[in-house]
Amino acid sequence: MRALVTGGSRGIGAATVRRLARAGADVAVHAFRHPDEAETVAAEARSLGRESWVVRGDLASDEGVRVVADGVRAKWDRLDVLVHNAGAYDRAMFPAITDAALLATFRLNVFGPFALTRDLLPMMRRSAAGRIVFVSSVLAYTGSSNGAHYASAKAALLGLSKSLAKELAPGITVNVVAPGSIDTAILAGDTPARRKERERTIPAGRIGMPEEVAEAIAFLSSPAASYVTGTTVHVNGGSRSD
Ligand SMILES: NC(=O)c1ccc[n+]([C@@H]2O[C@H](COP(=O)([O-])OP(=O)(O)OC[C@H]3O[C@@H](n4cnc5c(N)ncnc54)[C@H](OP(=O)(O)O)[C@@H]3O)[C@@H](O)[C@H]2O)c1
């Protein structure tokens, strides 16, 4: 199995690379600002006997998407698993969200996955069991009181995923994983009080770990998920379940 994980340098993406490598996948680890961290993750996968290498590009730009797709095509002629995990959440109240901020958020979180899927589709069609997983967010379902642009972008992935699930069947399954609050750099801006408040509102009583999201991504990427397509797996400690 050959997999590409975008945003594999850190957080949920890095945990996913490790989990897929443990499941026997060769993994292309995508990074943008942290290629050294991605190289460390790829080295861990290689230490498990897997083929693993880093591909770098800004997925918020057309050029970056092209560079990443070219990089994968240069190494492999077939791709089995495509995990769209790269993303960023710039918090802002609605009146302060400029068109430029809206566009930047959509470029990374929607245009990037859309274009990369389109570019890599011919490679994925060569797979006997293609798997595409989009990492959305619980905020696509609940909305966000300080990130309307981010919640909207993550919600767009739901429509994209459901559409592709129809269009690419049979042959390629397409699903979403929607994490709740997960302990990564995305939460680094939390004050201790904000973190406590977050934990208080989560039925599980704690913030989730990247590895717990990686488990869901790994399942949807596996042969075991052959009849699962067009749906969302929620990983949020009970914050929201529909
Ligand atoms: N943590 C949470 O609570 C949470 C909740 C719901 C959804 N999510 C989603 O989960 C995914 C992973 O986030 P995380 O929590 O693991 O955050 P993270 O630790 O900040 O990792 C974000 C990843 O995205 C990559 N990235 C950021 N900007 C990029 C760009 N312009 N081009 C290409 N790659 C870019 C980063 O690569 P570099 O570091 O190499 O630049 C990094 O690997 C995101 O889609 C996020 O929206 C997270």
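Only lysines eight or more places from Lys162 in sequence, or on another chain, were considered; those with a Cα closer than 18 Å are Lys154. Taking Cβ atoms as reference points and 12 Å as the exclusive limit, the residues near Ala25 contribute a net charge of +3, counting Lys and Arg as +1 and Asp and Glu as -1. Add +1 for every Lys or Arg and -1 for every Asp or Glu among the other residues with Cβ under 14 Å from the Cβ of Pro170, and state the total. Summing Lys/Arg as +1 and Asp/Glu as -1 gives +2. Using a probe of 1.4 angstrom and keeping all protein chains present, the accessible surface of the chain works out to 46 square angstrom per residue.
For the chain, find the longest principal axis of its Cα atoms and tell me its angle to the long axis of helix 148-167, 0 to 90°, nearest 10. It works out to around 30 degrees.
Of the solvent-accessible surface of the range 2-235, computed with a 1.4 Å probe and all protein chains present, 55% belongs to carbon and sulfur.
Between Phe94, Phe106, Phe32, the GNM of the chain built on Cα springs shorter than 10 angstrom shows Phe94 fluctuating the most.
The magnitude of the dipole of the chain, with charges of +1 and -1 set on the Cβ of Lys/Arg and Asp/Glu and taken from the Cα centre, is near 340 debye. Calculated FRET efficiency, Ser145 and Ala188, Cβ-Cβ r, R0 22 Å, to nearest 0.05? The calculated FRET efficiency here is 0.70. Can you figure out the FRET efficiency of Glu211 with Thr40, using R₀ = 22 Å and their beta-carbon distance, to the nearest 0.05? For Glu211 and Thr40, the calculated efficiency is 0.85.
For the chain, the equivalent ellipsoid built from the Cα gyration tensor has semi-axes of 27, 19, 18 Å, listed from largest to smallest.
Were the residues from Glu199 through Asp242 laid out at 0.36 nm apart, the gain over their Cα-Cα distance would be 13.5 nm. Compared with the dominant Cα axis of the chain, that is its longest principal axis, helix 62-75 is turned about 40°. Cα-based Rg of the range 76-147 per 2.2 N^0.38 Å, rounded to two decimals? Cα-based Rg divided by the globular estimate yields 1.37. For the chain, adding -39500 (n - 2.57) for each run of n ≥ 4 DSSP H residues and dividing by the number of residues yields -13500 deg cm²/dmol at 222 nm. Working note: Cα atoms of the range 17-131, range along each principal axis, descending, whole Å: 50, 29, 21.
Highest mean packing first, where packing is the average number of other Cβ atoms within 10 Å per residue, the peptides 113-126, 160-173 line up as 113-126, 160-173.
Note on the chain: GNM, Cα springs under 10 Å; of Ser47, Ser152, Ser221, the largest mean-square fluctuation is that of Ser47.
The values are calculated or read from the model by the stated rules, or taken from the named source; none is laboratory data. Not measured: the values here are computed from a predicted model. Virtual Cβ from ideal backbone geometry, glycine too; neighbours counted across all protein chains shown. Side chains included, ligands, DNA and RNA excluded: accessible areas come from the protein's heavy atoms. Shrake-Rupley method; radii C 1.70, N 1.55, O 1.52, S 1.80 Å.
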